[in-house]
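The structure appears right after this line, and notes come after that.
The values are calculated or read from the model by the stated rules, or taken from the named source; none is laboratory data. If you're wondering where the values come from, they're calculated on a predicted model, not measured in any experiment. Counting neighbours? That spans all protein chains shown, and the Cβs are built from the backbone with ideal geometry, glycine included.
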Amino acid sequence: MAKKNFVYDRLSRRIASEERSKAQREAERMRQEFTANVSHELKTPLQSISGYAELLKGGMVKEEDVQQFAERIYSESQRMITLVNDILELSHLDEGMEDMVREDVNLYKVAVSAVSSLEDEAETADVSLELTGQDSVINGYGQLLSLIVYNLCENGIKYNNPNGSVKVDVSDFKDRAVLTVNDNGIGIPLDQQERVFERFYRVDKSHSKEVGGTGLGLSIVKHAAAIHNGDIHLVSVPKYGTTITITFPKKKDK
Ligand code: ADP
């Protein structure tokens with residue numbers, strides 16, 4: 001009997017160690033892929049900036065086109081800043097938010113401020129943005145929860161049509177808080193609904209670029225929701241719109 005236990009112990013230790021090294025290899029592969037993607041994503045706008053600046057420097061741009069070139073340089077550099085901010089946010093999440101403390105956060109109040117900071121963007125896109133719901137307090141990181149609501153609402157605006165709408169709701173239940181962001185925009189094809197949460201994945205790269213996307217917004221949402229043990233549910237129909245629901249448990253422990 002003792003021998004049997006000994007063999008069983010060794011076997012399970014070996015399996016556990018093989019699984020650990022498999023997970024390490026997978027994490028390493030993902031890190032390498034991420035670094036390659038980051039380099040590529042940063043290189044593209046940098047090359048444009050350098051190209052436009054070179055033309056300006058060499059006096060190759062007509063006087064009347066100078067303004068337009070300056071605008072391109074500005075928008076490409078803005079794009080790089082957004083990208084670097086998103087990357088920093090992700091690495092902060094990867095590090096486990098050790099520098100921050102969990103506290104009681106009212107998700108509804110977080111939504112009020114995220115929605116109000118997106119009002120101009122919604123107006124420019126001719127999309128209505130409205131918030132309903134009630135106070136609902138969960139234990140977590142205010143800054144991250146705010147990023148979740150902001151990114152989801154911003155996507156609802158960016159991937160919408162003129163005259164479209166984005167509806168945000170926070171509902172309170174005894175044991176959970178539920179955030180729902182619904183839009184009647186362009187929707188996501190069924191076969192890509194899983195993939196949109198991957199880092200740098202975009203359904204339509206040129207549309208995402210046009211509207212100032214980095215391909216990192218939903219991966220930040222996924223990561224930040226996981227830190228709060230939140231459960232994400234996505235329903236989307238192309239041409240009809242998208243609804244993303246995140247259910248956050250209220251209890252403090254894991
Ligand atoms: P991005 O910065 O490109 O917006 P995200 O990670 O936020 O990156 O989203 C990934 C991709 O998922 C987007 O490029 C877009 O194609 C698609 N997507 C995200 N949200 C929506 C939405 N509400 N409606 C339609 N498509 C969306």
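Structure summary
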quantity: Identity of the residue in the stretch 185-235, touching a Pro at 6+ places or on another chain (Cβ under 8 Å) and either over 17 Å from L144 (Cβ atoms) or of a type in the set (F, W, Y) (or both), that ends up surrounded by the fewest Cβ atoms within 10 Å (Cβ to Cβ); calculated: P189
quantity: Search result, residues across the stretch 59-78 that are loosely packed, with under 11 Cβ neighbours inside 10 Å and either not in a loop (DSSP other than H, G, I, E, B) or not assigned by TED's automatic domain parsing to the domain that holds L46 (or both); calculated: E63, E64, Q67
quantity: Residue within the stretch 139-148 that is more than 16 Å from the ligand (Cβ to nearest atom), more than 18 Å from the chain's Cα centre (by Cα) and over 30 Å from I49 (Cβ atoms) present; calculated: yes
quantity: Given (1) touching a helix residue (DSSP H, G or I) at 6+ places or on another chain (Cβ under 7 Å); (2) surrounded by 12 or more Cβ atoms within 10 Å (Cβ to Cβ); (3) not basic (K, R), number of the condition D135 does not satisfy; calculated: (2)
quantity: Condition met for G185 (on the phi > 0 side of the Ramachandran plot and within 8 Å of the ligand (Cβ to nearest atom)); calculated: no
quantity: Residue under evaluation N106, criteria (1) at pLDDT 95 or above; (2) farther than 20 Å from I232 by Cα, criterion not met; calculated: (2)
quantity: Residue match in the stretch 151-168 (condition: more than 13 Å from the ligand (Cβ to nearest atom) and farther than 22 Å from V38 by Cβ); calculated: yes
quantity: Single residue of V170, V181, V166 found to be within 23 Å of E89 (Cα to Cα), crowded, with 16+ Cβ neighbours inside 10 Å and in contact with a helix residue (DSSP H, G or I) (Cβ under 9 Å, 6 or more places away or on another chain); calculated: V181
quantity: Test: residue in the stretch 172-179 that is part of a strand (DSSP E or B) and within 17 Å of the chain's Cα centre (by Cα); calculated: yes
quantity: Inter-residue pairs, beta-carbon under 7 Å, first modelled with pLDDT of 95 or more and in the stretch 180-208, second among the small types (G, A, S) and more than 9 Å from the ligand (Cβ to nearest atom), 6+ apart; calculated: D183/G164; D183/S165; N184/G164; N184/S165; G185/G164
quantity: Long-range neighbours under 6 Å by Cβ, at least six apart or interchain, first residue within 19 Å of G217 (Cβ to Cβ) within the stretch 56-84, second in a loop (DSSP other than H, G, I, E, B); calculated: T82/T214; L83/T214
